[in-house]
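Participant: Have a look at this one before I ask anything.
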Amino acid sequence: MKYILLFCLFISKPLFGQIPLLESKVYSIDERMIKTKFGSKSSVFKGEGDVLKLQELNVIRIQEKKKYTVKASADREHFFILKNGNLKISLGGKEQVLQVGSMVTVMPKDQIIFENTEGVLAELYEMSYLAKSPMNEERGIKAGGSFIVPWENAVFKPTAKGGGRQFFDRATAMLNRFDIHVTTLNVGQQSHDPHTHVNEEIILMIDGNAEERIGDKKELAKPGDVIRLGSKVLHNITNVGNKPCQYYAIQWN
């Protein structure tokens, strides 16, 4: 009996280190904060998707006069959205001050430094990810390498339902296509009829309240929540609040 138990423990041990499969649902920021030398961080989710072998989303908080250095990684890309405050960033030998809503995508092997030079706490959404398909550095370089999109560069275009800002739609070293836009949806409006697409997607709520259809269920989402949608999952979003809602729609394949 003792040997049977030992054998079972031996063969099951690798399973404990496996990355969980991510569900299609609404995720909230974990209230628990992990202290760091630059401030703190909180988890939103971590797991495996349809396209990504690893997808990890955290909220990073950088205290006044502190720096957060994202070390160069040979096998990961990083994507950032500035949630609160202003930050000075250093990327590729250049420095730039970013305002709330700005975005940064960092290719593998590149390093970025965020510095909080203001008197208030700064917050970032940080997504790091590793694709299941082989990395294609040449594709990422050809598409423009690491890049920054300041909020003010994404021009608002009104629509009958509200409006939107297109930030970019391009390839990276990890992804065939990476598309990000911000949608403003008026009260009572639906983004579109329920539909599916091959791309995986996350919807990051900025402002207002919404209801997301995910397959055959509906879930409420508030500011700060992140809706993750797997490939070919039926979905749409409806503004159920009393003011226009805003959200980032982030797709990739």
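The values are calculated or read from the model by the stated rules, or taken from the named source; none is laboratory data. For clarity, every value in this text was computed on a predicted model and none was experimentally measured. Virtual Cβ from ideal backbone geometry, glycine too; neighbours counted across all protein chains shown.
Participant: Right, V198: more than 29 Å from S133 (Cα to Cα) and not assigned by TED's automatic domain parsing to the domain that holds Q96 or not? Walk me through how you get there before you give the answer.
Facilitator: Details: more than 29 Å from S133 (Cα to Cα): no; not assigned by TED's automatic domain parsing to the domain that holds Q96: yes.
No, not satisfied.
Participant: Run down Q96, Q111 and say which single residue is under 19 Å from the mean Cα position of the chain (by Cα) and under 25 Å from I60 (Cα atoms).
Facilitator: Values: Q96 fails: under 19 Å from the mean Cα position of the chain (by Cα).
Step by step, each of Q96, Q111 is checked, and only Q111 is under 19 Å from the mean Cα position of the chain (by Cα) and under 25 Å from I60 (Cα atoms).
Participant: Can you name every residue in segment 92-110 that is in contact (Cβ under 8 Å) with a residue 40 or more places away in the chain and among the hydrophobic types (A, V, I, L, M, F, W, C)?
Facilitator: Of the residues in segment 92-110, the ones in contact (Cβ under 8 Å) with a residue 40 or more places away in the chain are 92, 96, 98-108.
Within segment 92-110, L98, V100, M103, V104, V106, M107 qualify.
Participant: Give me the strands (runs of 3 or more DSSP E) completely within segment 148-217, filtered to those with at least 2 residues that are over 25 Å from N58 (Cβ atoms), ordered by residue number. Full working, then the answer.
Facilitator: Numbers: elements: 156-158, 162-170, 178-185, 200-207, 210-214.
The strands (runs of 3 or more DSSP E) meeting that bar are 156-158, 162-170, 178-185, 210-214.
Participant: How many of the residues making up segment 144-161 are of a type in the set (G, A, S), surrounded by fewer than 18 Cβ atoms within 10 Å (Cβ to Cβ) and either in contact with a Lys or Arg (Cβ under 8 Å, 6 or more places away or on another chain) or in contact (Cβ under 8 Å) with a residue 24 or more places away in the chain (or both)?
Facilitator: Start the filter on segment 144-161 by keeping residues that are of a type in the set (G, A, S), which leaves 144-146, 154, 160.
Next cut, surrounded by fewer than 18 Cβ atoms within 10 Å (Cβ to Cβ) only: 144-145, 160.
Now restrict to residues that are either in contact with a Lys or Arg (Cβ under 8 Å, 6 or more places away or on another chain) or in contact (Cβ under 8 Å) with a residue 24 or more places away in the chain (or both): 144-145.
Here the count works out to 2.
Participant: Which one of these does Y125 not meet: (1) in contact with a strand residue (DSSP E or B) (Cβ under 6 Å, 6 or more places away or on another chain); (2) surrounded by fewer than 19 Cβ atoms within 10 Å (Cβ to Cβ); (3) closer than 20 Å to L54 by Cα?
Facilitator: (2)
Participant: Out of the residues in segment 108-135 that are in a loop (DSSP other than H, G, I, E, B) and hydroxyl-bearing (S, T, Y), state the one that is farthest from G92 (Cα to Cα).
Facilitator: Our first condition is that a residue be in a loop (DSSP other than H, G, I, E, B); within segment 108-135, this holds for 108-111, 116-121, 132-135.
Right, trim to hydroxyl-bearing (S, T, Y) and you get 117, 133.
Working: T117: 20, S133: 26 Å.
Only one residue fits best here, namely S133.
Participant: Name, by its number, the condition in (1) modelled with pLDDT of 95 or more; (2) of a type outside the set (A, V, I, L, M, F, W, C); (3) touching an Asp or Glu at 6+ places or on another chain (Cβ under 7 Å) that does not hold for E77.
Facilitator: Among (1) modelled with pLDDT of 95 or more; (2) of a type outside the set (A, V, I, L, M, F, W, C); (3) touching an Asp or Glu at 6+ places or on another chain (Cβ under 7 Å), the lone unmet condition for E77 is (3).
Participant: Hey, can you tell me all the residues within segment 29-52 that are hydroxyl-bearing (S, T, Y) and under 23 Å from L229 (Cα atoms)?
Facilitator: So in segment 29-52, the residues hydroxyl-bearing (S, T, Y) come out as 36, 40, 42-43.
Result: S42, S43.
Participant: Give me the residue from segment 5-44 that is modelled with pLDDT of 95 or more and of a type in the set (S, T, Y) and, out of that set, surrounded by the most Cβ atoms within 10 Å (Cβ to Cβ).
Facilitator: Of everything passing the filter in segment 5-44, S24 is surrounded by the most Cβ atoms within 10 Å (Cβ to Cβ).
Participant: From the list I81, I89, I113, I62, exactly one residue is touching a strand residue (DSSP E or B) at 6+ places or on another chain (Cβ under 7 Å), farther than 29 Å from I227 by Cβ and touching a residue at least 24 places away in the same chain (Cβ under 8 Å). Which is it? Step through it out loud before you land on a result.
Facilitator: On the way: I81 fails: farther than 29 Å from I227 by Cβ; I89 fails: farther than 29 Å from I227 by Cβ; I62 fails: farther than 29 Å from I227 by Cβ.
None of the others qualify; the one that does is I113.
Participant: Give the residue that is surrounded by the fewest Cβ atoms within 10 Å (Cβ to Cβ), with candidates limited to residues of segment 223-233 that are in a loop (DSSP other than H, G, I, E, B) and either in contact (Cβ under 8 Å) with a residue 40 or more places away in the chain or in contact with a Ser or Thr (Cβ under 8 Å, 6 or more places away or on another chain) (or both).
Facilitator: Applying the first criterion (in a loop (DSSP other than H, G, I, E, B)) to segment 223-233 yields 223-225, 230-233.
Still in the list and also either in contact (Cβ under 8 Å) with a residue 40 or more places away in the chain or in contact with a Ser or Thr (Cβ under 8 Å, 6 or more places away or on another chain) (or both): 224-225, 230-233.
Values: G224: 16, D225: 20, G230: 20, S231: 15, K232: 12, V233: 16.
Top of the filtered list is K232.
Participant: Ok, one more. Which ones in segment 71-88 are among the aliphatic types (A, V, I, L, M) and surrounded by fewer than 20 Cβ atoms within 10 Å (Cβ to Cβ)?
Facilitator: A72, A74
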